[in-house]
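The block underneath contains the structure these notes are about, expressed in structure tokens.
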Amino acid sequence: MRLADTPPNPWFSWDYVQRNHADITEALGQHVSLTLQAVAIALLLALPLAALAHTRPRLAAPVVGAAGVMYTIPSLALFALLAPYTGIGRTTVLIGLVAYALLVLIRNILVGLQGVDPAVTDAARGMGYGRTRMLVQVELPQALPSIVAGVRVATVTTVALVTVGVVVGFGGLGQLMFRGFRSNYHAEIMTATILCLVLALIADLAIVTIARWMMPWSRSRILSDVSA
């Protein structure tokens, strides 16, 4: 698989990239698809959970607490616990990634909803808005900058966590890292690491670009929410 004249353990080798292009592309595609699916599923779950916690304040602590408990479980342990029930492969990794993204998303959505100006909700209430209509048409749009900040953090975090999926045989670029560690081949480890960093950066910039296009009135807040 590697040429005999390859320098011993180079930190980066373009020759390695050229000769292993198929493996790298497959691992990168797996990494991207896992990240997108995990964040999308987590967001679909987090929105109603955060809305429920917002409209029913008594449920806020249990909802956030449950998500917090899942977040504190070490990733290796979580995958090991899931494997006997969900098998070895994509499903196990996806469930784990969704569990870790939930806390970040629920907290940010809840903070955004709670931070809506009371004057805005009072005005909507005076116009005859019911609770559900106010949530969908007033509070959620006002909370979008905070939601976007949560999606950014969750996405970057998920890009890093995908690599841990190698313990159940589905870790995207983590497969290359693990193979590199086993063979002590630094170029393989470095290539996978750089691709993870680039993927996280591209994903973050894409989210910011889409958010700024959707909410031109909140551009400065979108950036400040994450940098704070």
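We did not get these values from a lab; they are worked out from the coordinates using the rules stated. Please read all numbers here as calculations on a predicted model, not as lab measurements. All Cβ positions, glycine included, derive from the backbone under ideal geometry; neighbour counts span all protein chains shown.
Gain on full extension, evaluated as 0.36 nm per residue between Arg56 and Asp23 minus their Cα-Cα distance, stands at 7.0 nm.
A simple rule links phi to the HN-Hα coupling: the Karplus curve 6.51 cos²θ - 1.76 cosθ + 1.60 with θ = phi - 60°, which for the range 45-54 gives 7, 5, 4, x, 5, 5, 5, 5, 5, 6 Hz, with x for Gly and Pro.
Seen against the Cα atoms of the chain and their longest principal axis, helix 140-161 is set at about 20 degrees. With the convex hull drawn over the C-alpha atoms of the range 92-170, the volume per residue is 78 Å³.
Relative to the dominant Cα principal axis of the chain, helix 173-183 is inclined by about 30°. Rounded to the nearest 500, the 222 nm mean residue ellipticity of the chain from helices alone is -25500 deg cm²/dmol, with -39,500 (n - 2.57) taken per DSSP H run of at least 4 residues.
Taking the Cα centre of the range 78-228 as origin and assigning +1 to Lys and Arg Cβ atoms and -1 to Asp and Glu Cβ atoms, the resulting dipole is close to 140 debye. For the range 23-227, the convex hull drawn through the C-alpha positions has a volume of 125 cubic angstrom per residue. Taking each residue as 0.36 nm, the span from Ala123 to Thr209 lengthens on full extension beyond its C-alpha to C-alpha distance by 27.8 nm. The phi torsions of the range 191-206, fed into the Karplus equation with coefficients 6.51, -1.76 and 1.60 and a -60° offset, translate into couplings of 4, 5, 5, 4, 5, 4, 5, 5, 4, 4, 5, 5, 4, 5, 5, 5 Hz, rounded to whole numbers, with Gly and Pro shown as x. Taking Glu139, Glu188, Glu26 in turn, the Gaussian network model of the chain (Cα-Cα springs below 10 Å) assigns the largest fluctuation to Glu26. As a length-normalised measure over Cα pairs under 8 Å and 6 or more apart, the relative contact order of the range 23-227 settles at 26 percent.
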